[in-house]
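What follows is one structure encoded as structure tokens, with my remarks underneath.
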Amino acid sequence: MSEENKDTPLEQKKPKYGRVIEGAGELSLGISVVVAVLLGVLLGLWLKNLTGYAWMLWLGIFFGIGAAVKNVHIAYKKQKKSYDELKNEPRYKYQADKDDDEDDKY
């Protein structure tokens, strides 16, 4: 192993296809929303058949919608963290400083 590999923590090492994997994770948000709602509907139908109460279907649907909202919130937090890291990079720092100065004029 070279000296660089020994000193680099595991968090900083990225796999060769890391960007492809991250991109696939972002594309899966829509799929995860649909799957969460469908699982909620299936849970509701199962509970309705098990208990005989029609409102159990709606309970399952609300659980599915809640899971979908949670998935969107998790994706939002991940994306916000990514943008905050970009904001601190030197090549974008000039633009951020320039934007801050324009707000002071008014």
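Each reported figure results from applying straightforward, stated rules to the coordinates on display, with no laboratory input. Everything numeric here is computed off the predicted structure, so don't read it as measured data. Here the Cβ is made from the backbone with ideal geometry for all residues, glycine too, and neighbour counts use every protein chain on show.
In a shell of Cβ-Cβ distance under 12 Å around Asp84, excluding Asp84 itself, what net charge do Lys and Arg (+1) and Asp and Glu (-1) give?
+3
Once phi is turned into ³J(HN,Hα) by the Karplus curve 6.51 cos²θ - 1.76 cosθ + 1.60 with θ = phi - 60°, what whole-Hz value does each residue of the stretch 84-91 show in order, with x for glycine and proline?
Karplus-based 3J(HN,Hα) across the stretch 84-91 equals 5, 5, 5, 4, 8, 6, x, 5 Hz.
In whole Hz, with x marking every Gly and Pro, tabulate ³J(HN,Hα) for the stretch 72-77 from phi via Karplus 6.51 cos²θ - 1.76 cosθ + 1.60, θ = phi - 60°.
Calculated HN-Hα couplings, in order: 5, 5, 5, 5, 5, 5 Hz.
In nm, what is the difference between 0.36 nm times the number of residues separating Lys80 and Ile65 and their Cα-Cα distance?
Answer, rounded to one decimal: 3.2 nm.
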